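Written below as structure tokens is the structure these notes are about.
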Amino acid sequence: MHKQQIKTLLINALISPEMGILLLAMACSVFFGSRIALALSASSVSDAKLRFLIGAPIGCFMFALKDVKEVLFPDAANRHLLHEWPDYPVLQGTCYIGLAYLLLFMGIAAAFYIFPISPKSALGAPALAASIVGSIVSYFTIFHAKNTVRHLLEKEHTSTKH
């Protein structure tokens with residue numbers, strides 16, 4: 001990887017929708033935490049039902065593992081085509097960044113089982129929301145990368161037939 005590609009990946013990791021979601025969740029917890037806790041304490045939904053939502057980040061991670069294989073581990077017939085594409089290393093890096101964020105969001109979700117955090121608390125509600133929304137965004141980043149690779153390969157295969 002070249003210096004420019006590494007710089008691009010670092011910028012993509014730090015200036016990303018996932019980072020925005022994390023920062024928004026922290027800001028909501030700090031500035032509106034008491035209001036969030038008060039509003040959710042009046043809710044009739046139990047903590048046990050809300051904890052069921054914690055499975056969403058795990059599901060997104062599993063789907064992402066399935067989809068990322070096409071990008072990171074292309075079959076032998078297509079490997080040379082992708083390695084010739086100049087933006088392929090950045091696309092690979094984007095997938096690794098997406099997987100790292102998915103692991104982070106799964107860790108946040110797992111904290112609800114490891115620590116006594118209520119999903120209705122000032123810390124728990126924004127964390128649970130960030131975990132779910134961030135996982136979905138990270139999954140769609142990987143899904144987009146997979147579709148980009150498919151499109152590139154289809155374009156290449158149709159141009160070689162003519």
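The values are calculated or read from the model by the stated rules, or taken from the named source; none is laboratory data. Everything quoted here is computed from the prediction, not taken from an experiment. Counting neighbours? That spans all protein chains shown, and the Cβs are built from the backbone with ideal geometry, glycine included.
Filter segment 114-162 down to the residues that are closer than 27 Å to residue 72 by Cβ and of a type in the set (Phe, Trp, Tyr) and list them by number. Once the filter is applied, which keeps residues that are closer than 27 Å to residue 72 by Cβ and of a type in the set (Phe, Trp, Tyr), segment 114-162 yields 139, 140, 143.
Of the set (1) in a helix (DSSP H, G or I); (2) closer than 23 Å to residue 152 by Cβ; (3) touching a residue at least 60 places away in the same chain (Cβ under 8 Å); (4) not β-branched (Val, Ile, Thr), all apply to residue 91 but (3).
Of all residues in segment 8-59, those satisfying the criterion of being under 20 Å from the mean Cα position of the chain (by Cα) and charged (D, E, K, R) are 18, 51. Cβ separations smaller than 6 Å between residues 6+ apart or across chains give no pair from segment 111-122 residues that are farther than 11 Å from residue 54 by Cβ to residues that are modelled with pLDDT under 85 and of a type in the set (Val, Ile, Thr).
Please go through segment 109-124 and give me each residue that is surrounded by fewer than 21 Cβ atoms within 10 Å (Cβ to Cβ), outside any loop (DSSP other than H, G, I, E, B) and not aromatic (Phe, Trp, Tyr), ordered by number. Within segment 109-124, 110, 111, 114 meet the criteria.
Does residue 129 satisfy the condition of being out of contact with any strand residue (DSSP E or B) (no Cβ under 7 Å at 6 or more places or on another chain) and either modelled with pLDDT under 85 or surrounded by fewer than 19 Cβ atoms within 10 Å (Cβ to Cβ) (or both)? It is true that residue 129 is out of contact with any strand residue (DSSP E or B) (no Cβ under 7 Å at 6 or more places or on another chain) and either modelled with pLDDT under 85 or surrounded by fewer than 19 Cβ atoms within 10 Å (Cβ to Cβ) (or both).
Taking the numbered list (1) over 21 Å from residue 22 (Cβ atoms); (2) in a helix (DSSP H, G or I); (3) touching a residue at least 12 places away in the same chain (Cβ under 8 Å); (4) not charged (D, E, K, R) in turn, residue 74 passes all entries but (2). Scanning for something within 14 Å of residue 95 (Cα to Cα) and of a type outside the set (S, T, N, Q), does segment 42-50 turn up at least one residue? Within segment 42-50 (the criterion being within 14 Å of residue 95 (Cα to Cα) and of a type outside the set (S, T, N, Q)), the answer is no, since none of the residues qualifies.
For segment 1-45, a residue qualifies if it is of a type outside the set (A, V, I, L, M), modelled with pLDDT of 80 or more and not in a helix (DSSP H, G or I), and the qualifying residues are 16, 43, 44.
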